[in-house]
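Trainee: Once you've had a glance at the structure underneath, I'll fire off some questions.
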Amino acid sequence: MSELATYLPPASLAASAHVSGMEAYQRLCAEAEADYEGYWARLAREFVEWKTPFTQVLDSSQAPFFRWFADGELNVSYNCLDRQVAAGLGAKTAIIFEADDGQVTTVSYEELLARTCRMANALKSLGVKKGDRVVIYMSMSVEGVVAMQACARIGATHSVVFGGFSAQSLRDRIEDAGAVLVITADEQLRGGKQLPLKSIVDDAIALGGCDSLRQVVVYRRTGGQIAWHADRDRWLHELTEGQPSTCEPEWVGAEHPLFLLYTSGSTGKPKGVQHASGGYLLHAALTTKWTFDLKPDDVFWCTADIGWVTGHTYIAYGPLALGATEVVFEGVPTYPDAARFWKMIERHKVSVFYTAPTAIRSLIKAAESNDAVHPRHSDLSSLRILGSVGEPINPAAWEWYHQHIGGGRCPIVDTFWQTETGGHMITPLPGATPLVPGSCTLPFPGIQAAIVDETGKDVPNGQGGILVVKKPWPSMIRTIWGDPERFKKSYYPADFQGRYYLAGDGAIRDEKTGYFTITGRIDDVLNVSGHRMGTMEIESALVGCTELVAEAAVVGRPDDTTGEAICAFVVLKRPRPSGDEAKAIAKQLRDWVGKEIGPIAKPKDIRFGDNLPKTRSGKIMRRLLRSVAKGEAVTQDTSTLENPAILEQLGQAY
Ligand code: WTA
């Protein structure tokens, strides 16, 4: 890695950056080292406006259930909206919204505050109270952000469910969270298509088990036909009409749960990652400011969906807490063509652009096969900083992003973090850190990331190991909703005597620079297009198709565009199919998984066998399956394999 090119921060950017130069970075790290609590307390006073100032910083008495700033009181929506208006930014554009069809609307801070208050009052009129859980199942929209802010305003805990999840997944989340209300839209518009949302909510409720749910609030986006249940469905515009445009914020303790966000683990059902208010807001604002060197006249665009954590921290909260102007985009990068992102950067004079490697890789392919969508036809001179998130970015994609989007002048911040971490953990700072393509470089100041072996002992640089965080940090996951034992087992396992946070990724540090490179998950979690999927979840969806499937095993394999692709090995209850019959069954199984979990979980490859490769003691040989999925010649020892003949059968993917 150390032989790879190193890019220094441009001098002008470095000179004016919030964190200017490596000495400044090191000073911050040293400050945290010398007085860990003092460092975070200083920043918490600087970045958050407290109704009641905190007197305690870190409370480790119930470790690993850490608490931060626990006796402080605040309101997150107040910090994002009222604070900006009070500072004279009321007329400043908060959100530039670009719809799927290209229509642009802008919303000022004043308006965003008024709309948030009206929605908050509407929620209150339906009896939603502090501590209630509200599920938000919406596409990218100003209303989606307003819904999150409105929940925060009244102290309700939101749980946003990505609009691509199925009725079954939505149902599971409503039930697990015990949500009293769902906020949705009639339909969503993506890539010129109208896709259902409300009808999926109806299906979710019809599946049963949503006993806690009282009402469904519907935002009219397309005006498409939907079924109406007068006893529980309410139009958002009718509810907010006539509501006052002010709403006293509900002051909550710093540890009050701001949101739950469900994510995949290596076993069992998705887990509801619970985040607090104070520490989360601090890190959202702090990382938005330092990692993106955000300045008052920047136009920030994070292309994530609010259904993922990136859309929480870097759309709904971080930029607003800083009074920034941000772009919110309803559509997809390939509609009306694959130049959409580049044209939007030009149109809105975006200066900080944050996206996922998958998007970059697929847009490289598009530009290489069709010159008309190449970024050189767009004026990208407004850009000053680029970001990457969600999965490792391969050096070739990094170089293309740097050259063709950043014009060779914009630093790329490769930000490593997770749903559980709330915000950036390992990332360059653009005015300080020399960049090495493919490396997320160094920990954010104050974050104690390290690489250890199975026993928790530090490994030397140059030697790979397990990524851990040695000290708690303010925006960390507080627990898994309703399952504190699983929280402890997943993140503070006994292997490390419960001392370290286990990220679930492997990593290696460069011998010379100490730079981190993430080597991928060490558990059974896949990362497909930057979306986290558990192999077990997909396996149980497949075997849930009881009419067809006897047994299934799911592994990941590398994919040029999506990073990883899902590969399913299936044993049917009928004789092993081939040819057209196999293709038809593979389609049927993909549709089934799409219905059970959502289209993002559909296996790319399906391979049929009379059996799965197992050891004589009956264990599925996953390592072997991973080789088969990659199309590698199997060089492993197969002497323990019960039935070596099936390797041949599994060679064919449908
Ligand atoms: C992976 C997304 C390499 C990693 C914010 C992590 C990354 C998982 C990077 C979390 C990166 C995220 N380089 N890998 N810059 N960023 N990952 O919860 O495996 O959806 O554990 O959060 O994505 O995914 P999640």
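Trainee: Measure off, as a whole percent, the carbon and sulfur share of the 1.4 Å-probe accessible area of the stretch 347-425, all protein chains present. Before the final figure, lay out the partial values.
Mentor: Numbers: 1370 of 2570 Å².
Summing carbon and sulfur atoms, their accessible area is 53 percent of the total for the stretch 347-425.
Trainee: While we're here: Given the chain, what percent of its DSSP beta bridges are antiparallel, to the nearest 5? Don't skip to the end; give the middle numbers.
Mentor: Details: 56 of 95 bridges.
Within the chain, antiparallel bridges account for around 60 percent of the total.
Trainee: I would also like to ask the following. Counting only heavy atoms of the protein chains, get the accessible area per residue of the stretch 529-650 (1.4 Å probe) and round it to a whole Å² value. Kindly include the intermediate steps, with their values, before the conclusion.
Mentor: Values: 5620 Å² over 122 residues.
Accessible area per residue, the stretch 529-650: 46 Å².
Trainee: Loop-only trypsin sites (Lys or Arg not before Pro) in the stretch 567-597, please: DSSP not H, G, I, E or B, and at most 16 other Cβ atoms within 10 Å.
Mentor: Values: sites: 573, 583, 587, 590, 595; in loops: 573.
Those that pass, being in a loop and sparsely packed, are 573.
Trainee: Report the label-to-label distance for residue 382 and residue 230 in nanometres (one decimal), using points 7 Å from each Cα along the Cα→Cβ vector.
Mentor: Each label point is offset 7 Å from its Cα along the Cβ direction, giving 4.9 nm.
Trainee: Turning to a different aspect of this structure: Quick check on the chain: helices-only [θ] at 222 nm, where DSSP H runs of length 4 and up contribute -39,500 (n - 2.57) each and the sum goes over total residues. Nearest 500, please.
Mentor: On the way: 18 runs with 181 residues, N = 654.
Calculated at 222 nm, the ellipticity per residue is -8000 deg cm²/dmol.
Trainee: Measuring from a point 7 Å past the Cα of residue 251 along Cα-to-C-beta, which residues in the stretch 16-56 have an amide N at less than 13 Å?
Mentor: 49-54
Trainee: Ordering 510, 495 by how much accessible area each has at a 1.4 Å probe, largest first, what is the list? Please list the in-between numbers first.
Mentor: Numbers: 510 15, 495 90 Å².
Sorted descending by solvent-accessible area, the residues read 495, 510.
Trainee: Here's a follow-up. Considering only protein heavy atoms, what per residue accessible area in square angstrom results for the stretch 1-97 with a 1.4 angstrom probe? Working shown, then result.
Mentor: Numbers: 4670 Å² over 97 residues.
Normalised by residue count, the accessible surface of the stretch 1-97 is 48 Å².
Trainee: What distance in nm lies between label points placed 7 Å from Cα along the C-beta direction at residue 522 and residue 610?
Mentor: 4.0 nm
Trainee: If the cut-off is 23 Å between C-alpha atoms, which lysines fall inside it for residue 630, apart from same-chain ones fewer than 8 positions away?
Mentor: Within reach: 365, 583, 587, 602, 604, 614, 619.
Trainee: Using a 1.4 angstrom probe on heavy atoms only, work out the carbon and sulfur share of the accessible area of the stretch 115-261 in %. Could you put the intermediate results ahead of the total?
Mentor: Numbers: 2230 of 5020 Å².
Carbon with sulfur: 44 percent of the solvent-accessible area.
Trainee: Leaving ligands, DNA and RNA out of it, report the carbon-plus-sulfur percent of the accessible area of the stretch 529-650 at a 1.4 Å probe. Can you show the working numbers first?
Mentor: Working: 2740 of 5620 Å².
Answer for the stretch 529-650: carbon and sulfur cover 49 percent of the accessible area.
Trainee: I would also like to ask the following. Per residue, what accessible area does the stretch 184-226 have, given a 1.4 Å probe and all protein chains present, in Å²?
Mentor: On the way: 1960 Å² over 43 residues.
Roughly 46 Å² per residue, with all protein chains present.
Trainee: With r defined as the distance between the Cβ atoms of residue 486 and residue 295 and R0 fixed at 51 Å, what FRET efficiency is calculated, to the nearest 0.05?
Mentor: Values: r = 42 Å, r/R0 = 0.81.
That gives a FRET efficiency of 0.75.
Trainee: Something else: Go through the stretch 173-187 residue by residue and turn each phi into a ³J(HN,Hα) via Karplus (6.51, -1.76, 1.60, θ = phi - 60°); whole Hz please, and just put x for glycine and proline.
Mentor: 6, 4, 5, 5, 7, x, 5, 8, 8, 10, 10, 9, 10, 4, 8
Trainee: In addition: Would you please give the residues with an amide H less than 5 Å from that of residue 157, counting only those at least 5 places away or on a separate chain, with H modeled from the backbone geometry?
Mentor: Residues meeting the amide H criterion: 131, 132, 133, 134.
Trainee: Using Cα positions and a limit of under 26 Å, work out the lysines in reach of residue 124, with same-chain residues fewer than 8 apart set aside.
Mentor: Candidates past the 8-residue exclusion: 51, 198.
Trainee: Run the reach check for residue 457 against aspartates and glutamates, Cα to Cα strictly under 19 Å, same-chain hits fewer than 8 apart removed. What comes back?
Mentor: Residue 457 reaches 495, 505, 510, 511.
Trainee: Rounded, prolate or oblate: which fits the chain, taking a ≥ b ≥ c as square roots of the Cα gyration tensor eigenvalues, rounded meaning a/c under 1.5, else prolate when a/b beats b/c?
Mentor: It comes out rounded by the Cα gyration axes.
The values are calculated or read from the model by the stated rules, or taken from the named source; none is laboratory data. Remember, it's a predicted structure, so these values are computed and weren't measured experimentally. As a convention, Cβ positions derive from the backbone with ideal geometry for all residues, glycine included, and neighbour counts pool all protein chains shown. Just so you know, the surface numbers come from the protein's heavy atoms only, side chains and all, with ligands and any DNA or RNA stripped out. Shrake-Rupley method; radii C 1.70, N 1.55, O 1.52, S 1.80 Å.
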